[in-house]
Amino acid sequence: MGISYDHVVLRTSDLSRAIAFYRDVVGLEYSSTRTQKDGTEQAAFHIGDRIFLLFHRPEFAPADPEKGHG
């Protein structure tokens, strides 16, 4: 049996900018934005029958290019 998934989630420090990028540059189908009970903002995109989510909270900081990541 193979590995399967139904959604992917990424954190972002700038939700509006990330929505514009994935919608306008990557071409994903933007669906909706909502705020969860804990204050996390969530933007959803559809990719066929899969879901791509962006999560934003005020404490999510941008990556530091000096430290690297991966």
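The values are calculated or read from the model by the stated rules, or taken from the named source; none is laboratory data. What you are looking at is a predicted structure, and each value in this text was computed from that prediction instead of being measured. Reconstructed Cβ throughout: ideal geometry from the backbone, glycine too, with neighbour counts over all protein chains shown. The protein model used for the area step is the full one, side chains on, heavy atoms only, and it has no ligands, DNA or RNA in it. Shrake-Rupley method; radii C 1.70, N 1.55, O 1.52, S 1.80 Å.
Of the chymotrypsin sites (Phe, Trp or Tyr not before Pro) found in the chain, the ones in coil according to DSSP and having at most 10 other Cβ atoms within 10 Å of their Cβ are Tyr5. Under the combined filter of DSSP loop state and at most 10 neighbouring Cβ atoms within 10 Å, the chain retains these trypsin sites (Lys or Arg not before Pro): Lys37, Lys67.
For the chain, the mean residue ellipticity at 222 nm estimated from helices alone is -2000 deg cm²/dmol, where every DSSP H run of n ≥ 4 contributes -39500 (n - 2.57) and the total is divided by all residues, rounded to the nearest 500.
Ranking Leu15, Leu10 by solvent-accessible area of protein heavy atoms (1.4 Å probe, all protein chains present), from largest to smallest, gives Leu10, Leu15.
Which shape class applies to segment 19-69: rounded if a/c is under 1.5, otherwise prolate when a/b exceeds b/c and oblate if not, where a ≥ b ≥ c are the square roots of the Cα gyration tensor eigenvalues? Cα axes put segment 19-69 in the oblate bin.
Taking Cα centre as origin and charging only the Cβ of basic (Lys, Arg, +1) and acidic (Asp, Glu, -1) residues, the dipole magnitude of the chain rounds to 80 debye. In this structure the chain gives 78 Å² per residue of accessible area when probed at 1.4 Å with all protein chains present. The share of accessible area on the chain that comes from carbon and sulfur is 53 percent, using a 1.4 angstrom probe.
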